[in-house]
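Participant: Right, I'll just put the structure down here and ask away after.
Nothing in this text is a laboratory measurement; each read-out follows from the coordinates by a stated rule. The model shown is predicted, which means the values in this text are computed figures rather than measured ones. As a convention, Cβ positions derive from the backbone with ideal geometry for all residues, glycine included, and neighbour counts pool all protein chains shown.
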Amino acid sequence: MFAVLKTGGKQYRVQSGDVLRVEKLAADAGEKVQFNEILMVGGDDLVVGAPLVDDAAVQAEVVEQIKGEKLIHYVKRRRKHSSQRKKGHRQQLTLLRVTDILAKGAGASGVKAAVGAGSVSGAAVTAAAPKAEKKAAAPKAEAKAEAPKKAAKAEGADDLKELSGVGPALEKKLLEAGVTSFAQIAAWTEADIAEMDEKLSFKGRIEREGWVEQAKDKIK
């Protein structure tokens, strides 16, 4: 049996016993975690999700927390008074060993949900997982009824489109990554900038456009 799971914005095809590296999870070595975002389960019968397979999961054991290969971030500006900057970055990853693939019974397994490091607490995600699965299986009419609630939650966020080079598409990426205010951007360190550059494929745009400086001006 195999499954296709989604975590950290990527998709992985896995079988029991596979070892894989994923975006860092909030879990210690030896802990067992469960992935509830399952796009496909294959075996005697192939089940394709719409978009997720209802009540399916992949369970895995955390082997260790590791770092990926070093990536070089190099920026050079072609101007009369040119400048250049070179930085290295190693992405934090989690090494996992897949133990079980559940075609059914994910909600009653008792294994904690896999949560990305730096996101909401594990307890909150575990509590929200059954609700998320129910919403995925609910009729479209119910999804439309939920839309106004989601819009209301975003009302307190800053208008990130006020930053140079940020349009609706980039603003959506930032909001999905949990960046909702100028204060968050103003507090970014060089390591944070490198991580966001790679995670959201900004290709140096943050430094090129001077988002951190602009954000600091916005909150003065």
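Participant: Got a sec? How would MET196, MET40, MET1 order by Cβ neighbour count within 10 Å, fewest to most? Spell out each step's value before the answer.
Facilitator: Details: MET196 20, MET40 17, MET1 12.
Ascending Cβ contact count within 10 Å gives the list MET1, MET40, MET196.
Participant: Next up: Calculate log10 I(q)/I(0) of region 154-220 for q = 0.23, 0.26 Å⁻¹, where I(q) comes from the Debye formula with a single equal point scatterer on each Cα and nothing for solvent.
Facilitator: Log-scaled intensity ratios, in q order: -1.02, -1.36.
Participant: Going by how many other Cβ atoms sit within 10 Å of their own, how do THR7, THR99 line up, fewest first?
Facilitator: THR99, THR7
Participant: Can I ask one more? When we measure straight from the Cα of LYS203, which aspartates and glutamates land under 17 angstrom away, once same-chain ones fewer than 8 places off are left out?
Facilitator: GLU171, GLU190, ASP192, GLU195
Participant: Take the alpha-carbon centre of region 63-86, take the same for region 151-220, and report the distance between them in whole Å.
Facilitator: If you average the Cα positions of each part, the centres end up 19 Å apart.
Participant: Sticking with this structure for a sec: Listing LEU96, LEU46, LEU170 from the residue with the fewest other Cβ atoms within 10 Å to the one with the most, what is the order?
Facilitator: Details: LEU96 27, LEU46 9, LEU170 17.
Least crowded to most crowded, the residues run LEU46, LEU170, LEU96.
Participant: Quick one: which of LYS32/LYS67; LYS6/LYS67; LYS199/LYS220; LYS76/LYS172; LYS24/LYS104 span more than 24 angstrom between C-alpha atoms? If you can, show how the numbers build up before the last one.
Facilitator: Values: LYS32/LYS67 20 Å; LYS6/LYS67 20 Å; LYS199/LYS220 28 Å; LYS76/LYS172 28 Å; LYS24/LYS104 26 Å.
Pairs exceeding the cut-off: LYS199/LYS220; LYS76/LYS172; LYS24/LYS104.
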